[in-house]
Structures are given as structure tokens and as C-alpha cells.
1. Cβ-Cβ below 9 Å, separation at least six or inter-chain, first residue in segment 93-116 and of a type in the set (Val, Ile, Thr), second assigned to a helix (DSSP H, G or I) and open to solvent by less than 10 Å² (accessible area, probe 1.4 Å): which pairs?
2. Being open to solvent by less than 80 Å² (accessible area, probe 1.4 Å) and basic (Lys, Arg) is the filter here; which residues of segment 209-240 pass it?
3. So in segment 162-183, with the set limited to residues that are within 12 Å of the ligand (Cβ to nearest atom) and open to solvent by 10 Å² or more (accessible area, probe 1.4 Å), which one is nearest to Phe104 (Cα to Cα)?
4. How many residues does segment 95-128 contain that are more than 16 Å from the ligand (Cβ to nearest atom), hydrophobic (A, V, I, L, M, F, W, C) and open to solvent by less than 40 Å² (accessible area, probe 1.4 Å)?
5. Listed residues Val35, Val66; which is surrounded by 23 or more Cβ atoms within 10 Å (Cβ to Cβ), within 16 Å of the chain's Cα centre (by Cα), among the hydrophobic types (A, V, I, L, M, F, W, C) and within 15 Å of the ligand (Cβ to nearest atom)?
6. Hey, can you tell me all the residues within segment 184-208 that are open to solvent by 40 Å² or more (accessible area, probe 1.4 Å), in contact with a helix residue (DSSP H, G or I) (Cβ under 8 Å, 6 or more places away or on another chain), in a helix (DSSP H, G or I) and of a type in the set (D, E, K, R)?
7. Report whether or not Gly46 is outside any strand (DSSP E or B), touching a strand residue (DSSP E or B) at 6+ places or on another chain (Cβ under 8 Å), touching a residue at least 40 places away in the same chain (Cβ under 8 Å) and under 19 Å from Ala169 (Cβ atoms).
8. Go through segment 79-112 and give me each residue that's under 28 Å from Phe10 (Cβ atoms) and assigned to a helix (DSSP H, G or I).
Amino acid sequence: MRTDVLGVAFDNVTLEEAVDRAVALLDREGPHLVVTPNAELVQQAGRDAQFAQVLAQADLVIPDGVGVICSAKILGRPLKERVPGVDFAAALMERLAGTGRRLFLLGAKPGVAELAADRLTARYPGLMICGARDGYFREDGPVAEAIRAAGADVVFVCLGAPKQEKWIAANGQATGAGLLVGLGGALDVFAGKAKRAPQAFQRLGLEWFYRLCREPSRIGRMAKLPLILTQAVGARLRER
Ligand code: UDP
């Protein structure tokens, strides 16, 4: 049973449970889609039926972001914890290391995925990264084919949302990979190009605030966030 938060059905999982489920999916025939929506994407899904459908068909829907957690609480169906996409990816790589499973990194500006691959290989001994390429390409076919040729089991698809989720839905099968995870700006973080908020901010659920201070141009996107809480209050009142 999934937990509905304003039209997006989330799996009520802790970080560890999310990784367990992802690893279990790898043992079944794929492709499997993993998504990590935050409040902004819940709102976007409300306006974009195709995106909403892709999220509904995903095999694992992880609650990323304090806005989703607060909304779920307001709606009276609290989720266990916030699972940031970057933390999920890190924990999954730890589990993949030494298993012989092959990881492909797709996305971000030219050079970033390769740099992330070097750093991740050093950080997770035994992790097998079988390929990396940037997210600025015109044709999908050759990219999916390159992933297939690399023999990837898992692909981190970091093209920004909703592009990455739609890309996975359209091309997942052609890649031959068992698990494809939409991870937004994660490769920028793994390459050391973007900094995550200090632990104290993360613990307080203020990662968004730290990011806003570093990238003030995101104010337009973030200004809509409080709206989700208002929507949650409205939905709760209607459900009573
Ligand atoms: N990106 C990409 N191809 C595109 C558009 C974006 O590879 O056509 C990358 C971009 O370089 C960045 C990531 O996608 O690394 C999006 O990061 P952001 O933090 O904006 O993710 P979001 O918050 O949208 O999930």
C-alpha cells in the first residue's frame, strides 16, 4: 500500500528499506524505475498528466524533501522519514560495491559524470562503474545503446525532473538495465561541483534554505513550496 500525497503515491520507506527494495528489484526482470519526488515535483505532477502517469508506474517512489514529509503529516498519514535522493544513491552504491553489478552515470554538464565516476570509484572500493556521459544530447537511441553496450545493471539518470523520469519511461527498456534511478543534480554533488548543506541544516530539514542562499535564482521555483502545505490542509479538511 502506498501513501497518497496530493496525487503522488509514495512508498513509506526508510533509507535502508528503500535500498533493500531497490536491490530486490535488481533480482527481478527489469527495467525498474525509481523516482525521488520532492514537493515541487508533486506540484508539477498535478499540472502534467504524462509526468503523473510515469510517477504512478514507478516501481519505487521515495519521499525526498521536507515538504512531502510535512504534507503527509498534515494529511494524517505520516511517512517514516525523508530519504534524500543523494543519500539513497550513496547507500545503494555501498551495497553494489563488490557484487559485480555495473553502474552507469548519465547526466549533468560535459565532464561532470566522468569526474563523479573517478571520485565514486575511489570512495566505494569494489564499485564497478561501466560508463559515464553527459546529459546534453539530441538523440536518445545512441545513448540507450551505449548503456546497453556497457552492460549496465543500474543507471543513475540525472537530467533534471521531469525530463529524467520521462526519459527512463521511454528508453529504459532499450538500455537493458534492471534499475534506472532519476536523481536530478546528484552527479554535480558526487563530482564535488555542488555542495550539499551542512549536516545541521539537513537534520533541521532546512537543506532547501541553504540551497536557496547559494543559488538565489531558484527563488521562483521555491516560492511555490509553501503552497503544497496549504493544499495539504485543504485536502485534509475535505477528507474529513
Ligand atoms: N541536465 C542535463 N541535461 C539537461 C538538463 C539538465 O543533464 O538537458 C542536468 C543539469 O546539468 C543538472 C541536473 O540535470 O546536473 C539537474 O539538476 P537540478 O538540481 O536542477 O535537478 P532537479 O532539482 O531539477 O531535480
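1. Within 9 Å, the pairs are Val112/Leu187; Val112/Phe190.
2. Passing the criteria: Arg218, Arg236.
3. By that ranking, first place goes to Leu183.
4. Going through segment 95-128 one residue at a time, the tally reaches 4.
5. Val35
6. Matches in segment 184-208: Asp188 only.
7. When the stated conditions are applied, Gly46 does not pass them.
8. If the condition is that a residue be under 28 Å from Phe10 (Cβ atoms) and assigned to a helix (DSSP H, G or I), then Gly85, Val86, Asp87, Phe88, Ala89, Ala90, Ala91, Leu92, Met93, Glu94, Arg95, Leu96 are the ones that fit.
The values are calculated or read from the model by the stated rules, or taken from the named source; none is laboratory data. Note that the structure is predicted; figures quoted are calculated from it, not measured. Neighbour counts are summed over all protein chains in view; Cβ atoms, including those assigned to glycine, are modelled from backbone coordinates with ideal geometry. The accessibility values were calculated without ligands, DNA or RNA, using every heavy atom of the protein model including side chains. Shrake-Rupley method; radii C 1.70, N 1.55, O 1.52, S 1.80 Å.
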